[in-house]
1. Starting from a Cα-only point model with no solvent, please compute log10 I(q)/I(0) by Debye for the stretch 39-85 at q = 0.24 1/Å.
2. Quick one: give the max-minus-min coordinate of the C-alpha atoms of the chain along each principal axis, largest first, in Å.
3. Any idea what angle helix 10-27 forms with the longest principal axis of the chain, computed on alpha-carbon atoms, 0 to 90 degrees, nearest 10?
4. How far, in nm, would the chain grow between residue 9 and residue 37 when pulled straight, counting 0.36 nm per residue and subtracting the alpha carbon separation?
5. Hey, what D do you get for the stretch 8-55 in µm²/s if you plug the Kirkwood alpha-carbon radius into Stokes-Einstein at 20 °C and 1.002 mPa s?
6. Given only helices, namely DSSP H runs of n ≥ 4 each adding -39500 (n - 2.57), what is the per-residue ellipticity at 222 nm of the chain, to the nearest 500 deg cm²/dmol?
């Protein structure tokens, strides 16, 4: 069934979402659980990434520790850091 974005009903959109979640169960590339974090957490994560790129691993690890104290886990990937709540 073709979906027209201007006329898609909730049932059709739910079916599309279910399909993508099923496909993501195999490939694991989409994040359906995106979280929002306070500005302070985002700033620390950006500072940590800058330190990592500058190869200042001591500072990067310190910032990872601060984030952990705030209940945030940093997962590094080829697409950049990903933040998750503990």
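1. These q points yield log10 I(q)/I(0) values of -0.81.
2. On the principal axes, the chain reaches 54, 24, 23 Å in Cα extent.
3. Helix 10-27 sits at roughly 50 degrees to that axis.
4. Details: separation 28, 0.36 × 28 = 10.08 nm, distance 3.15 nm.
Between residue 9 and residue 37, full extension yields 6.9 nm more.
5. Numbers: Rh = 13.8 Å.
Estimated via Stokes-Einstein, D reaches 156 µm²/s.
6. Details: 3 runs with 46 residues, N = 86.
Computed ellipticity for the chain at 222 nm equals -17500 deg cm²/dmol.
Values quoted throughout were computed directly from the atomic coordinates according to the rules given, and no laboratory measurement underlies them. Being a predicted model, the structure only gives us computed values, none of them experimental.
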